[in-house]
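Notes to accompany the following structure.
The values are calculated or read from the model by the stated rules, or taken from the named source; none is laboratory data. Everything numeric in this text was worked out from a predicted model, so none of it was measured. Here Cβ is always computed from backbone atoms with ideal geometry, including for glycine, and neighbour counts include all displayed protein chains.
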Amino acid sequence: MDSFCICYNISTPLFPEIPQLPEAYIVSYHNNEPQYIEKQATTEVLDSLKITYKETPHQQLLDICDVLKPSALEQRFQPKKSRKQNPLTVLLKDKKTHEVIYNFIVRKLSTFYSLIQKHQYLIVYAAKRKEVVTPYRLHIAAQKIEPILQFTKTNEGIEYAFSLRDQNEHFIPKHCTIQILLNTPSWIVLNQQLYQIEGLNANKLKPFLSKEKVTIQQKHIKTYVEKVIVPVLKNVEVQAHGFQILLNQEIISYTLEVLHDFIQDRYVAKVIFEYEHTTFDINSSKQTASHVIFEPKDEIKIIQTNRDLEAEQKIIDKLITKGLIINQSGLLEISANSNDPYAIIDWVKSHSTTLENEGFKKIFPLVMDQTINTQPHHIAINSTQEQDWFDIKATVTIGEQEIPFARFIKNIRKNDRVFSLDNDTVFIIPMEWMTRYKKLADFGTVKDHAITVKKSNYTVLKDVVSTTELEIETVSEIPYTSSDALKATLRPYQLEGVQWLVKHYNNHLGACLADDMGLGKTLQTIATLVFAKEQIQPAPEDVKQIQFDLFSSPLEVKTFLKALVVLPSSLVFNWAQEILKFAPGFTITKYVGNNRKNITPYLDTYDIVLTTYTTLAKDIEKLKKFDFHYLIIDESQQIKNKDSKIFQAINTINAQHKISLSGTPIENSLSDLWSQMQFINPDMLGSYTFFKEHFKIPIEKHQNLERIEELKTLIDPFILRRTKEQVAKDLPALSEQVIYTEMLTQQQKLYEAEKSAARNLLLGLDNISTNKINIINTLTKLRQLANHPNLLQNDSEHSSGKFEDVTQYLKTLVKANKKVLIFSSFVSHLNIYKKWCDQHSISYVTLTGQTATADREKAVQRFQNDTSIPLFFISLKAGGVGLNLTQASYVVLLDPWWNPFIEKQAVARSHRIGQTNNVLVTRFITKDSIEEKIIQLQQKKRQLSEEIIAVDHIPEFIEEELDELLK
């Protein structure tokens with residue numbers, strides 16, 4: 001039975017300008033002998049005949065045959081601007097195009113013949129379709145064939161002869177049948193045998209295809225020897241008669257040359273070995289070199305230098321033992337994984353004396369046409385501490401030259417290692433400086449020859465100066481001790497918090513207390529204010545007194561703390577109550593409402609002034625005229641927007657000390673972190689532009705771990721963050737569950753119709769950033785429909801699957817006499833459940849953004865004290881802060897908000913100090929809706945999500961995931 005295999009055919013020359021091209025065919029076999037060419041070897045034919053070729057060398061060979069077809073070459077190299085399809089013959093007439101095509105074909109053929117030889121595949125030469133292929137079959141030599149050149153000096157000149165040797169058999173080209181397939185590398189067919197010629201261009205054969213010898217006339221000998229004989233000498237065996245060929249193998253000297261590897265953009269080194277008449281590079285594949293000496297009386301002496309590879313290796317080993325390696329290019333470098341492009345230069349400098357003793361000469365490259373200074377260098381640093389900053393003075397000594405280190409700061413900031421010493425010389429800044437002093441450069445300010453660092457940035461100096469020089473606590477620091485004026489017993493973690501705040505107070509540094517919601521940030525702040533008031537209180541003998549006449553008692557001139565506390569309006573009442581409870585000795589006033597203008601002249605006669613963010617923004621021109629001792633902002637995420645009026649206003653208030661309070665983990669929020677730090681310690685994170693490029697983008701977009709660590713190091717001394725799990729060990733357990741609800745049939749139809757409209761609208765927007773209001777409104781509609789159709793259509797008669805599941809859940813809790821907090825993003829959503837409560841005679845209280853401040857407290861007290869009220873309906877944003885609702889042990893979240901921290905704040909209304917029962921949080925999520933997508937995005941983006949997202953703001957990651965939300 002016949003079988004089939006792949007056969008490769010070298011076609012007869014089609015184009016004289018290029019090598020012969022290969023073809024792939026299917027050949028039938030009979031009795032283990034190839035028969036006829038059946039078909040072209042296309043993938044369809046190969047697959048139909050079940051011939052294995054995929055993931056074998058045949059696959060590569062077939063690809064080469066395909067790309068070397070004339071039609072494929074025409075298509076590949078057709079000029080882009082050509083209006084018509086030029087045939088290959090026309091393309092080859094253009095000199096540049098010919099060169100490109102020729103080189104492409106040579107590269108492919110070189111691979112082709114190597115694979116044929118390695119795998120001994122069937123190959124024929126100029127076979128014909130209707131004839132048996134056996135007479136055209138080529139036998140493949142496993143070894144390269146060696147060329148032998150003979151040069152004989154005669155009276156007329158030089159006779160030049162050429163032969164080939166395959167092991168012990170010699171071939172004279174004139175007496176053989178030879179076809180040249182490829183010049184370099186050289187592939188030929190010799191007497192039906194496929195050979196590669198060792199180390200010689202096949203063109204050298206051409207003169208000898210018709211004659212045995214070539215005679216070079218006397219007058220051309222010098223030129224011919226130099227241009228023909230000498231280049232050949234280094235690669236092939238030469239037999240000479242009538243002139244000498246002297247052999248040389250002695251290394252005279254060796255040089256270590258540093259050079260720039262432009263591909264890797266790093267500096268590497270090579271060793272140059274100098275012999276008597278030539279040199280060899282370490283990475284050169286050349287093994288021999290020849291030098292011609294023309295002596296008197298037309299005598300010729302050829303000196304052939306052969307490399308002493310053993311001696312060269314011993315020289316290389318001297319460098320390898322000192323830490324160098326040889327890379328893939330045969331050049332020397334420190335390490336393939338080193339990220340320092342100048343590492344080899346530093347290595348040569350540090351080993352300079354040893355290298356000279358071992359006989360190495362050294363050559364350095366020019367950098368920007370300037371010489372590299374390789375003298376030893378040294379840096380000396382000292383620092384002095386002023387009231388609000390450190391002065392860093394340092395001197396760099398390079399050889400005998402002394403330079404203020406401040407001059408290097410610009411280079412370090414720009415990550416530019418090349419520092420110009422003068423017009424002729426550069427100094428390569430050590431890599432260690434670029435890392436060790438980078439923070440100093442980024443956050444320091446250069447003044448004259450010194451570098452000034454703000455006290456709030458003292459952490460950047462930890463790698464620069466000694467620990468003792470970094471001791472920022474002042475000698476006059478007064479530690480915190482409990483005071484009788486504070487009517488509270490602090491828990492251990494609260495005491496630590498106050499001590500931490502007092503430490504920053506003593507050092508005139510701002511602080512952000514970021515404890516978890518419900519851990520008593522207000523109390524810790526009040527305790528700190530009590531301490532501050534006692535520090536500014538004069539001694540009894542220093543108290544100023546005024547006596548109007550001899551008969552009246554003297555009046556004491558009081559000293560006031562003058563602390564301005566800025567709050568959301570919902571927290572003013574809470575703060576006033578807390579101050580009266582824990583520090584009744586304080587004089588306080590509420591700077592809010594229409595009557596505040598009457599208080600303005602007397603603001604500096606109070607210990608504490610309570611005001612709101614809105615009021616401060618309105619009255620900033622009045623408030624910035626006062627000098628406050630303390631400025632405190634609660635729910636400090638209110639100033640996260642650096643472009644907002646409140647951020648700009650708050651930073652014009654004059655205050656000696658600052659505290660920001662936040663119940664959310666601001667260390668995970670980069671969008672507002674700069675604003676927070678700018679408030680408590682101005683400029684400690686640099687300008688916003690610097691912060692964005694240096695921290696925000698690398699961390700949020702690229703999860704750059706080094707930048708994360710750098711940022712944490714900078715802010716860590718100024719943010720105190722404790723979670724309930726860490727400090728409130730006695731707090732009852734918090735458990736959470738998600739209940740997935742199904743949409744009712746009609747609700748599902750309404751939702752799908754709205755989603756389809758949303759996709760058509762939103763995914764067709766050209767510019768998302770200018771259409772944010774459309775995005776917010778459209779996504780809000782989907783969220784509302786997932787809750788209840790009535791949120792979108794007031795008169796809708798259709799119900800909601802979630803509504804039925806939630807009311808059933810609430811019924812169970814009410815029957816069990818449980819107290820429940822119910823949160824929703826939509827007040828109208830809460831109204832649906834309030835209507836249901838009215839229909840079922842279930843008592844409840846409500847708190848939304850429309851609830852007056854006084855009524856908020858009444859609602860809280862009714863729920864906390866009245867056992868007959870089981871339900872408290874709260875809008876998510878209005879009730880996220882300032883509420884203590886520890887009577888509730890169940891929390892229901894009716895719909896998810898974009899950011900999980902808002903929900904966490906809501907849960908903290910119940911799960912806080914004072915809670916005695918375990919708390920269960922239940923989230924109701926509508927299946928196959930946008931709510932599921934929101935939950936997924938919360939998890940996906942939790943680590944680097946925005947900390948607090950306002951109701952009218954859509955976060956960036958929602959824009960990025962818009963398509964996913966609308967699936």
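Observations on the model:
- Residue identified as of a type in the set (Val, Ile, Thr) and closer than 22 Å to Val228 by Cα among Thr354, Thr321, Thr305: Thr305
- Any hit, region 347-357, residues being within 30 Å of the chain's Cα centre (by Cα) and in a loop (DSSP other than H, G, I, E, B): no
- Against the numbered list (1) crowded, with 21+ Cβ neighbours inside 10 Å; (2) part of a loop (DSSP other than H, G, I, E, B); (3) without any contact (Cβ under 8 Å) to a residue 40 or more places away in the chain, Ser841 comes up short only at (1).
- Summed over region 241-288, the residues that are more than 30 Å from Glu299 (Cβ to Cβ) and not basic (Lys, Arg) give a count of 22.
- Residues within region 802-851 that are basic (Lys, Arg) and touching a strand residue (DSSP E or B) at 6+ places or on another chain (Cβ under 8 Å), tallied: 4
- Qualifying residues in region 867-896 (those that are of a type in the set (Gly, Ala, Ser) and surrounded by 21 or more Cβ atoms within 10 Å (Cβ to Cβ)) - the one nearest to the chain's Cα centre (by Cα): Gly880
- Single residue of region 77-109 satisfying the filter (basic (Lys, Arg) and loosely packed, with under 13 Cβ neighbours inside 10 Å) that is nearest to Phe15 (Cα to Cα): Lys93
- Top-ranked residue of region 132-164 - restricted to ones that are in the same structural domain as Leu209 (by TED's automatic domain parsing), among the β-branched types (Val, Ile, Thr) and crowded, with 19+ Cβ neighbours inside 10 Å, ranked as nearest to Ser28 (Cα to Cα): Ile145
- Scanning region 402-412 for residues that are crowded, with 17+ Cβ neighbours inside 10 Å and either touching a residue at least 40 places away in the same chain (Cβ under 8 Å) or not in a strand (DSSP E or B) (or both) gives Phe405, Ala406, Phe408, Ile409, Asn411, Ile412.
- Scope region 422-442; condition part of a loop (DSSP other than H, G, I, E, B), surrounded by fewer than 16 Cβ atoms within 10 Å (Cβ to Cβ) and not polar (S, T, N, Q); matching residues: Asp422, Asp424
- From Gln192, Gln239, Gln196, residue being closer than 25 Å to Val106 by Cα, in contact with a strand residue (DSSP E or B) (Cβ under 6 Å, 6 or more places away or on another chain) and in contact (Cβ under 8 Å) with a residue 24 or more places away in the chain: Gln196
- Yes/no for Thr395 being on the phi < 0 side of the Ramachandran plot, modelled with pLDDT under 85 and in a strand (DSSP E or B): no
- In summary, no strands (runs of 3 or more DSSP E) completely within region 443-540 bear 3 or more residues that are closer than 21 Å to Lys581 by Cα, touching a strand residue (DSSP E or B) at 6+ places or on another chain (Cβ under 7 Å) and at pLDDT 90 or above.
- Taking (1) part of a loop (DSSP other than H, G, I, E, B); (2) modelled with pLDDT of 90 or more; (3) closer than 30 Å to Thr321 by Cβ in turn, Gln375 satisfies each apart from (2).
- Checking each residue in region 727-749 for being more than 30 Å from Pro789 (Cβ to Cβ) and touching a residue at least 24 places away in the same chain (Cβ under 8 Å) picks out Val727, Ala728, Leu731, Pro732, Ala733, Leu734, Ser735.
- Scanning region 482-525 for residues that are without any contact (Cβ under 8 Å) to a residue 60 or more places away in the chain and of a type in the set (Val, Ile, Thr) yields Thr489, Val498, Val502.
- Among the residues of region 242-260, the ones that are crowded, with 16+ Cβ neighbours inside 10 Å and more than 29 Å from Glu226 (Cβ to Cβ) come to 2 in all.
- Highlighted here are the strands (runs of 3 or more DSSP E) found entirely within region 216-318 that include at least 3 residues which are among the hydroxyl-bearing types (Ser, Thr, Tyr) and at pLDDT 80 or above: 251-261.
- In region 851-967, counting only helices (runs of 4 or more DSSP H) that sit wholly within it, the ones holding 3 or more residues that are within 18 Å of Leu782 (Cα to Cα), modelled with pLDDT of 80 or more and among the hydrophobic types (A, V, I, L, M, F, W, C) span 930-941.
- Single match in Asn327, Asn337, Asn357, Asn382 (criterion: more than 18 Å from Arg417 (Cα to Cα) and modelled with pLDDT of 90 or more): Asn357
Every residue, every condition in (1) under 48 Å from the mean Cα position of the chain (by Cα); (2) surrounded by fewer than 19 Cβ atoms within 10 Å (Cβ to Cβ), yes or no:
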| site | (1), (2) |
| --- | --- |
| Asn774 | yes, yes |
| Arg783 | yes, no |
| Ala816 | no, yes |
| Val827 | yes, yes |
| Lys835 | no, yes |
| Asn865 | no, yes |
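- If the condition is being part of a strand (DSSP E or B) and touching a helix residue (DSSP H, G or I) at 6+ places or on another chain (Cβ under 6 Å), then region 35-75 contributes only Lys39.
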